[in-house]
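No value in this document is a laboratory result; all are computed from the given coordinates. Just so we're clear, the structure is a prediction, and the values are computed from it rather than from any experiment. All Cβ positions, even for glycine, are placed from backbone atoms using ideal geometry, and neighbour counts span all protein chains on display.
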Ligand code: S6P
Ligand code: ZN
């Protein structure tokens with residue numbers, strides 16, 4: 001094989017999740033971008049919910065590994081903790097790992113036929129998300145939730161399925177902390 005890519009190194013700040021050098025623009029997700037993902041309509045359109053700093057491979061190809069840092073701000077929308085939109089991979093069989101850096105949260109995972117699994121995210125967790133599992137991360141703490149992700153380069157993100165079918169569970173703030181509730185709007189994708 002005659003490689004076309006040169007090796008490269010990036011410095012990941014293990015607390016903040018920032019990347020140096022930053023090779024691609026930060027993607028910001030405000031409440032206005034999240035319509036249809038929280039159960040309630042987000043009331044503060046200009047409030048930042050999370051941001052993603054990509055560390056892209058040059059090609060979106062299965063031979064390469066895409067990475068990113070995600071930083072979810074603390075907060076709630078009508079009692080639901082701030083979270084990512086969540087997605088299945090467009091190429092459903094593509095897997096991924098998350099490495100928790102700081103803060104406290106949960107990784108919700110669900111299959112198209114409605115199996116669910118909830119895993120913790122905090123400094124030092126390494127979550128393996130197998131192909132076929134939709135995934136959404138939720139900040140249940142009072143500080144930003146920061147994690148690093150690495151996934152197969154051509155995975156792609158399918159948001160439309162999650163937007164129309166929802167996730168089986170919601171993570172809501174209760175007097176004693178986070179509780180999982182059934183999502184009344186959830187509809188299985190397949191049986
Ligand atoms: C990509 C990976 C993450 C998420 C990021 C934001 O496959 O799972 O980098 O893109 O955590 O979440 P979302 O659901 O908005 O893509
Ligand atoms: Zn993913």
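For region 109-191, list log₁₀ I(q)/I(0) at each q in 0.13 Å⁻¹, using the Debye formula over Cα point scatterers of equal strength and ignoring solvent, two decimals each.
Cα-only, vacuum Debye calculation for region 109-191: -0.48.
Based on Cα positions only, what radius of gyration and what Dmax would you give for the chain, in angstroms?
Cα radius of gyration and Dmax of the chain are 16.4, 59 Å respectively.
Using only Cα atoms, what is the ratio of the radius of gyration of region 54-95 to 2.2 N^0.38 Å?
In units of the 2.2 N^0.38 Å rule of thumb, it is 1.57.
Running Debye on region 30-119 with equal point scatterers at the Cα sites and no solvent, what base-10 log of I(q)/I(0) appears at q = 0.13, 0.20, 0.25 Å⁻¹?
-0.55, -1.20, -1.41
What percent does the relative contact order of region 39-191 come to when contacts are Cα pairs within less than 8 Å and at least six residues apart?
Result for region 39-191 is 29 percent.
If each of residue 173 and residue 5 carries a label point 7 Å out from its Cα toward its Cβ, how far apart are those two points in nm?
With each label point 7 Å from Cα toward Cβ, the separation is 4.0 nm.
Report, to two decimal places, the Cα Rg of region 77-146 normalised by 2.2 N^0.38 Å (N = number of residues). Walk me through the numbers on the way to the answer.
Details: Rg = 12.1 Å, N = 70, 2.2 N^0.38 = 11.1 Å.
Relative to the rule-of-thumb radius for its length, region 77-146 sits at 1.09.
Roughly how many Å is it from the Cα centre of region 137-152 to that of region 24-94, as a whole number?
The two parts, judged by their Cα centres, are 10 Å apart.
Kindly provide log₁₀ I(q)/I(0) values, in the same order as q = 0.14, 0.19, 0.34 Å⁻¹, from the Debye equation applied to equal alpha-carbon scatterers of region 1-43.
-0.63, -0.77, -1.17
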